[in-house]
Amino acid sequence: MEGLSVEALDEFAMLEGVGRTARRELLAAAVLLEHAARDVIIEQGKRRACMFLVLDGELSVHLDDPDNDPVATIGAGETVGELSMLDGSVASAYVTAHTSARLLQISEDDFWSLTNVSHAFAVNLLLKLASRLRANNAQVSKNVEKRRLYERAAMFDGLTGIHNRRWLDETLHRMVDRCARGGGELSLALIDIDHFKSFNDTYGHAAGDHVLTVVAAALAANLRPTDLVARFGGEEFVIILPDTELTSAALAAERVRAAIEREVLTTPEGVALPSVTISMG
């Protein structure tokens with residue numbers, strides 16, 4: 001290829017260790033492409049039977065739509081398209097020119113010819129695929145962790161850290177069904193902080209939020225490990241007592257009521273607040 005020397009291929013990790021003769025033959029067969037920014041180079045869902053070597057400029061990888069934010073970039077000295085060469089599949093993403101870029105297009109025949117004659121190229125290809133697999137696994141793990149965080153956020157109250165109404169709606173009916181099938185007993189108590197609106201109006205919403213967190217913590221601290229507590233909404237809470245008959249549930253409720261009444265309340269700034277009481281049934 002006129003205008004390009006074999007040394008132009010030195011920066012490509014994919015060609016590390018490939019002999020000079022094989023590089024010269026590859027360069028002679030390659031097609032030089034020049035792309036302006038935003039040109040689509042690989043289209044998702046279609047197979048382009050070639051590999052590209054990025055001589056200069058930068059490419060970007062997009063899922064679903066080339067106008068979306070890129071999920072990865074490909075710079076000078078890197079390659080793209082080799083995966084479709086290996087498995088014959090269509091492209092799983094769009095690849096566009098992020099800036100103006102010059103590429104070497106390697107045909108499918110030349111790709112396989114180099115793979116067959118160069119052990120170094122085959123090894124480099126395996127290393128790149130292994131690196132991509134590790135990156136994909138890391139991304140999957142990251143996505144799983146994100147999903148767990150989202151699921152937790154959906155099921156827990158952001159202020160108090162205990163379960164929320166959505167969790168209660170999804171969980172309570174299952175617990176009732178389980179008790180009905182197994183013949184066990186289940187007790188439920190609905191709790192309301194007394195005169196909470198007046199408290200909020202007098203001491204402010206920040207103090208009210210602090211009281212909600214204190215009450216939630218006191219509820220959780222004075223229940224058995226098998227008991228469950230959720231914020232029903234506003235100043236209302238629910239406690240669920242599995243395998244608990246009415247007399248034992250009443251004792252547990254009184255224990256919780258007394259514990260909250262004993263709580264000494266101060267704001268995070270140290271300002272004393274009056275104690276609060278709860279009603280439940």
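You will find that of ALA91, ALA135, ALA154, the residue that is hydrophobic (A, V, I, L, M, F, W, C) and not assigned by TED's automatic domain parsing to the domain that holds ARG20 is ALA154 and no other. Restricted to the range 62-97, and to residues there that are touching a Lys or Arg at 6+ places or on another chain (Cβ under 7 Å) and among the hydrophobic types (A, V, I, L, M, F, W, C), the residue that is modelled with the highest pLDDT is ALA97.
Is the range 164-180 home to any residue that is farther than 16 Å from GLU263 by Cβ, among the β-branched types (Val, Ile, Thr), out of contact with any strand residue (DSSP E or B) (no Cβ under 7 Å at 6 or more places or on another chain) and free of Cβ contacts under 8 Å to residues at least 12 places away in the same chain? I'd like the intermediate steps shown before the answer.
Taking the range 164-180 first, the residues farther than 16 Å from GLU263 by Cβ are 164-180.
Still in the running and among the β-branched types (Val, Ile, Thr): 171, 176.
Those still in the list that are out of contact with any strand residue (DSSP E or B) (no Cβ under 7 Å at 6 or more places or on another chain) too: 171.
Adding the requirement that they be free of Cβ contacts under 8 Å to residues at least 12 places away in the same chain leaves none.
No: zero hits.
Specify the residue that is nearest to LEU104 (Cα to Cα); the eligible residues are those in the range 50-65 that are in contact (Cβ under 8 Å) with a residue 40 or more places away in the chain and charged (D, E, K, R). Step by step, filter the range 50-65, then rank; the result is ASP56. Listed by position, the strands (runs of 3 or more DSSP E) inside the range 67-175 whose residues that are of a type in the set (D, E, K, R) and either over 24 Å from the mean Cα position of the chain (by Cα) or surrounded by 12 or more Cβ atoms within 10 Å (Cβ to Cβ) (or both) number at least 1 are 101-107.
With respect to being β-branched (Val, Ile, Thr), part of a helix (DSSP H, G or I) and at pLDDT 90 or above, VAL256 fits the description. Within the range 225-281, the set of residues being small (Gly, Ala, Ser) and buried (at least 17 other Cβ atoms within 10 Å of the Cβ) comprises ALA230, ALA249, ALA252, ALA253.
Scanning the range 1-47 for residues that are in contact with a strand residue (DSSP E or B) (Cβ under 7 Å, 6 or more places away or on another chain), surrounded by fewer than 16 Cβ atoms within 10 Å (Cβ to Cβ) and of a type in the set (Val, Ile, Thr) returns VAL31, VAL40.
If the condition is being within 22 Å of ALA252 (Cα to Cα) and loosely packed, with under 11 Cβ neighbours inside 10 Å, then the range 181-213 contributes only GLY183. Might you check whether a residue that is of a type in the set (Ser, Thr, Tyr) and in contact (Cβ under 8 Å) with a residue 60 or more places away in the chain occurs anywhere in the range 241-263? The answer is yes; a qualifying residue exists.
Within the range 1-28, residues that are more than 17 Å from ILE74 (Cβ to Cβ) sit with their Cβ atoms under 7 Å from residues that are at pLDDT below 90, at 6+ positions apart or across chains, in these pairs: ARG20/VAL6; ARG23/VAL6; ARG24/VAL6; LEU27/MET1; LEU27/LEU4; LEU27/VAL6; ALA28/MET1. The residues on offer are ALA217, ALA221, and the sole one that is under 40 Å from the mean Cα position of the chain (by Cα) and surrounded by 12 or more Cβ atoms within 10 Å (Cβ to Cβ) is ALA217.
Is there a residue in the range 9-32 that is part of a strand (DSSP E or B) and out of contact with any Ser or Thr (no Cβ under 6 Å at 6 or more places or on another chain)? Within the range 9-32, one or more residues are part of a strand (DSSP E or B) and out of contact with any Ser or Thr (no Cβ under 6 Å at 6 or more places or on another chain).
The values are calculated or read from the model by the stated rules, or taken from the named source; none is laboratory data. Everything quoted here is computed from the prediction, not taken from an experiment. Using ideal geometry, Cβ is built from the backbone for each residue, glycine included, and neighbour counts are taken over all protein chains shown.
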